[in-house]
Amino acid sequence: MSEISKLEQKLIIKKIDNQTVNISINDNEMLMSIVGQFDQNLKHLSKLTETDVYFRGNSITCKGNKEKINTFCEAIKFLINKYILTNILEKEDILLSVKKNIEIEKSNVKSFKQLIKTPRKSVIARSEKQSDYIKALKENDIVMSLGPAGTGKSFLAVSVGVTLLMEKKIDRVILSRPAVEAGEKLGFLPGDMKEKVDPYLRPLYDALYELFGADKIDKKIEDGEIEIAPLAFMRGRTLKNCFAILDEAQNATETQIKMFLTRIGENSKLVVNGDPSQIDLLNKSHSGLIKSKEILKNLKEIKIIEFDHNDVVRHPLVSKIIRAYQKKSTDDKS
């Protein structure tokens with residue numbers, strides 16, 4: 001049975017009048033997940049959609065103007081589809097369900113097309129660009145993604161890479177980045193190589209642990225199935241049967257990015273992620289991310305995804321902060 005027919009089977013929406021709709025959900029577990037503990041999810045949806053919401057039995061009544069009622073109903077449809085596919089709803093799904101750039105069509109729910117199932121949670125695209133990015137990660141051998149913090153560049157790449165590893169479609173996942181922003185002087189840091197690089201790869205570790213659990217990830221690192229490789233140490237290698245991620249690529253030079261990309265071997269995928277607005281190099285003009293994008297943009301085998309503040313999936317305030325800084329930068333140039 002398709003997700004659409006399952007949705008129609010579970011959900012009944014009745015228009016009472018121009019300002020009131022009644023929503024019945026014929027699945028108690030699903031209903032409780034959507035309503036949330038102490039009705040918290042419904043209260044959040046009510047606030048986000050600026051509607052009055054009442055809950056009794058298996059029935060939800062929503063009151064407000066026509067446009068806002070419609071937004072509420074589409075949000076409920078989104079949440080039901082998410083529950084049908086993953087059997088779980090998470091706090092961030094409530095905010096996602098009312099984002100204006102998510103369009104839920106009767107015959108095509110694009111957000112769920114690129115579902116990634118991991119042992120601890122199911123990951124879905126939270127914007128159209130994210131959907132395109134996940135599709136590219138699955139279908140292209142080389143993907144470049146550029147954009148601000150919080151758009152899911154690293155998180156989604158890790159999700160796809162380790163999922164391929166778990167499915168035994170590749171032998172290794174390699175995580176790399178410019179380990180020390182100004183010159184990669186690793187010798188001045190204490191500890192062995194892993195201890196030197198770990199602080200710089202903490203965001204990737206966080207994603208790994210969230211999706212797959214610390215015990216499982218630590219075991220795979222110990223076995224060499226997940227490898228931590230400073231960018232400076234990638235030279236001369238050929239990467240076969242692996243999924244390699246170069247993170248924070250705005251702090252790599254054009255030569256370093258070229259070196260990384262030319263490591264690609266048989267049955268491998270390479271991902272280059274970076275935020276051009278957060279270059280930490282002493283001489284920002286040495287950053288090779290934008291230069292590499294321009295050089296490679298006409299190669300059809302390489303997919304380039306450019307995110308912006310509309311794709312930010314962290315706290316809603318992050319998008320506003322990014323726009324404020326962009327405005328300041330524009331004002332300074334004019």
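The values are calculated or read from the model by the stated rules, or taken from the named source; none is laboratory data. Everything numeric here is computed off the predicted structure, so don't read it as measured data. Counting neighbours? That spans all protein chains shown, and the Cβs are built from the backbone with ideal geometry, glycine included.
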Residue in segment 110-121 that is touching a strand residue (DSSP E or B) at 6+ places or on another chain (Cβ under 6 Å), crowded, with 16+ Cβ neighbours inside 10 Å, modelled with pLDDT of 75 or more and part of a helix (DSSP H, G or I) present: no
Which listed residue is of a type in the set (S, T, N, Q) and either touching a residue at least 40 places away in the same chain (Cβ under 8 Å) or part of a loop (DSSP other than H, G, I, E, B) (or both), from THR61, THR71: THR61
Residues that are part of a helix (DSSP H, G or I) and more than 20 Å from LEU137 (Cβ to Cβ), drawn from segment 249-269: ASN251, GLU254, THR255, GLN256, LYS258, MET259
Any hit, segment 212-232, residues being of a type outside the set (Val, Ile, Thr), touching a Ser or Thr at 6+ places or on another chain (Cβ under 8 Å) and assigned to a strand (DSSP E or B): no
Every pair of residues 6+ apart whose Cβ atoms lie under 7 Å, when the first sits in segment 79-106 and is within 21 Å of GLN9 (Cα to Cα) and of a type in the set (D, E, K, R) while the second is at pLDDT 70 or above and in a loop (DSSP other than H, G, I, E, B): LYS82/LEU89; LYS82/ILE124
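Look at segment 235-248 and say how many of its residues are part of a loop (DSSP other than H, G, I, E, B) and closer than 14 Å to VAL272 by Cα.
2
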